[in-house]
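Enquirer: Just dropping this structure here.
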Amino acid sequence: DVKVTQSSRYLVKRTGEKVFLECVQDMDHENMFWYRQDPGLGLRLIYFSYDVKMKEKGDIPEGYSVSREKKERFSLILESASTNQTSMYLCASKTSGGSYNEQFFGPGTRLTVL
Amino acid sequence: RKEVEQDPGPFNVPEGATVAFNCTYSNSASQSFFWYRQDCRKEPKLLMSVYSSGNEDGRFTAQLNRASQYISLLIRDSKLSDSATYLCVVSSLNTGGFKTIFGAGTRLFVKA
């Protein structure tokens, strides 16, 4: 059974804190993604990675960075959390190749920045 | 204009009803199309891919109209368990690889 796990389901941080969100997949997928999901806006891509140590900016990378040191792990970093980063964060992975490959999502991390 | 647009709903239908959702996309070069389902407080999961010839999976039928740039999802004989948010997803090939855009979703409530 395929699995994408995220380090926390709920997280509360203070403005200015450094925040790490971890994502691990056990499917040997090449591609991994970080999204945030906000009401009325849908999922917006923050960063993605198509290989170890490779990263590409998505549509809203400002205020975020990522790290992919191992194939199975993709970390999202908020260098200095702000209240407008309060959101649901979803990690996903998929194999490379065909255009119809499915993205598998983790359960999400609901981050609140006070 | 959003790249992928959906009616947010909510659609409130009785059990047994037939309900249809549409989704429009702006990039005429889009190549692959999907419907994902997201239950409340859960992650999105693939419901079905949408092919040019249209496809059916039990009570669910998906169709693609490239000329008008929209995809549709038809649910027949609605069940209470169909209550969820349905996300329209479109992928396009660009210089950086495939770009996938998720719609904001259409909420469906099926009532007894």
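Enquirer: Kindly indicate the residue of the range A:34-71 that is part of a loop (DSSP other than H, G, I, E, B) and acidic (Asp, Glu) and also farthest from A:GLU102 (Cα to Cα) among those meeting that condition.
Expert: A:GLU62
The rows are residues; the columns are (1) under 17 Å from A:HIS29 (Cα atoms); (2) within 9 Å of chain B (Cβ to nearest Cβ); (3) touching a helix residue (DSSP H, G or I) at 6+ places or on another chain (Cβ under 7 Å).
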{"site": "A:LYS57", "(1), (2), (3)": "no, no, no"}
{"site": "A:ARG73", "(1), (2), (3)": "yes, no, no"}
{"site": "A:THR86", "(1), (2), (3)": "no, no, no"}
{"site": "A:SER99", "(1), (2), (3)": "yes, yes, no"}
{"site": "A:ARG110", "(1), (2), (3)": "no, yes, no"}
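Enquirer: For the range B:33-57, which residues satisfy the criterion of being closer than 18 Å to A:ALA92 by Cα and either part of a strand (DSSP E or B) or small (Gly, Ala, Ser) (or both)?
Expert: Result: B:PHE33, B:PHE34, B:TRP35, B:TYR36, B:ARG37, B:GLN38, B:LYS45, B:LEU46, B:LEU47, B:MET48, B:SER49.
Enquirer: Scan the range B:53-70 and tell me whether some residue there is under 10 Å from the mean Cα position of the chain (by Cα), closer than 20 Å to A:LEU41 by Cα and not hydroxyl-bearing (Ser, Thr, Tyr).
Expert: no
Enquirer: Only one residue in A:GLU30, A:GLU22 is away from every other protein chain (no Cβ under 13 Å) and either closer than 17 Å to A:LEU111 by Cβ or touching a residue at least 24 places away in the same chain (Cβ under 8 Å) (or both), so which one is that?
Expert: Among A:GLU30, A:GLU22, only A:GLU22 is away from every other protein chain (no Cβ under 13 Å) and either closer than 17 Å to A:LEU111 by Cβ or touching a residue at least 24 places away in the same chain (Cβ under 8 Å) (or both).
Enquirer: Run A:LYS70 past the list (1) over 29 Å from B:PRO8 (Cβ atoms); (2) under 12 Å from the mean Cα position of the chain (by Cα); (3) modelled with pLDDT of 95 or more and report the number of the one that doesn't hold.
Expert: (2)
Enquirer: Among the residues of the range A:34-50, which ones are surrounded by 14 or more Cβ atoms within 10 Å (Cβ to Cβ) and either among the acidic types (Asp, Glu) or within 19 Å of A:ARG73 (Cα to Cα) (or both)?
Expert: Across the range A:34-50, the qualifying residues are A:TRP34, A:TYR35, A:ARG36, A:LEU45, A:ILE46, A:TYR47, A:PHE48, A:SER49, A:TYR50.
Enquirer: Tell me, yes or no, whether the range A:32-46 has at least one residue that is of a type in the set (Asp, Glu) and farther than 18 Å from A:LYS3 by Cα.
Expert: Within the range A:32-46, one or more residues are of a type in the set (Asp, Glu) and farther than 18 Å from A:LYS3 by Cα.
Enquirer: Can you run down the residue pairs with Cβ atoms below 9 Å, 6 or more apart or on separate chains, where the first is in the range B:61-81 and free of Cβ contacts under 8 Å to residues at least 12 places away in the same chain and the partner is part of a loop (DSSP other than H, G, I, E, B) and of a type in the set (A, V, I, L, M)?
Expert: Between residues of the range B:61-81 that are free of Cβ contacts under 8 Å to residues at least 12 places away in the same chain and residues that are part of a loop (DSSP other than H, G, I, E, B) and of a type in the set (A, V, I, L, M), there is no close pair.
Enquirer: For residues that are away from chain A (no Cβ under 14 Å) and either over 17 Å from B:VAL19 (Cα atoms) or assigned to a strand (DSSP E or B) (or both), tally how many sit in the range B:58-83.
Expert: As a first pass, look at the range B:58-83 and keep what is away from chain A (no Cβ under 14 Å): B:58-61, B:63, B:65-70, B:72-83.
Those left that are additionally either over 17 Å from B:VAL19 (Cα atoms) or assigned to a strand (DSSP E or B) (or both): B:60-61, B:63, B:65-70, B:72-75.
Counting residues in the range B:58-83 that are away from chain A (no Cβ under 14 Å) and either over 17 Å from B:VAL19 (Cα atoms) or assigned to a strand (DSSP E or B) (or both) gives 13.
Enquirer: For B:ARG41, are the conditions met, namely being away from every other protein chain (no Cβ under 12 Å), among the basic types (Lys, Arg) and surrounded by fewer than 14 Cβ atoms within 10 Å (Cβ to Cβ)?
Expert: Considered against the rule, which asks whether it is away from every other protein chain (no Cβ under 12 Å), among the basic types (Lys, Arg) and surrounded by fewer than 14 Cβ atoms within 10 Å (Cβ to Cβ), B:ARG41 comes out as no.
Enquirer: Of everything in the range B:90-103 that's farther than 11 Å from B:ASN27 by Cβ and within 8 Å of another protein chain (Cβ to nearest Cβ), which residue is modelled with the lowest pLDDT? Reasoning before the result, please.
Expert: In the first step, residues of the range B:90-103 are kept if they are farther than 11 Å from B:ASN27 by Cβ; the result is B:95-98, B:100, B:102-103.
Narrowing the set further to residues that are within 8 Å of another protein chain (Cβ to nearest Cβ) leaves B:96-98, B:100, B:102-103.
Values: B:GLY96: 64, B:GLY97: 68, B:PHE98: 72, B:THR100: 89, B:PHE102: 94, B:GLY103: 93.
So the residue we want is B:GLY96.
Enquirer: Report the residue count in the range A:23-33 for those that are in a strand (DSSP E or B) and surrounded by fewer than 17 Cβ atoms within 10 Å (Cβ to Cβ).
Expert: 0
Enquirer: Being within 11 Å of chain A (Cβ to nearest Cβ) and either free of Cβ contacts under 8 Å to residues at least 40 places away in the same chain or assigned to a loop (DSSP other than H, G, I, E, B) (or both) is the filter here; which residues of the range B:5-32 pass it?
Expert: B:PRO8, the sole residue that qualifies.
The values are calculated or read from the model by the stated rules, or taken from the named source; none is laboratory data. All values derive from a computational prediction rather than experimental measurement. Using ideal geometry, Cβ is built from the backbone for each residue, glycine included, and neighbour counts are taken over all protein chains shown.
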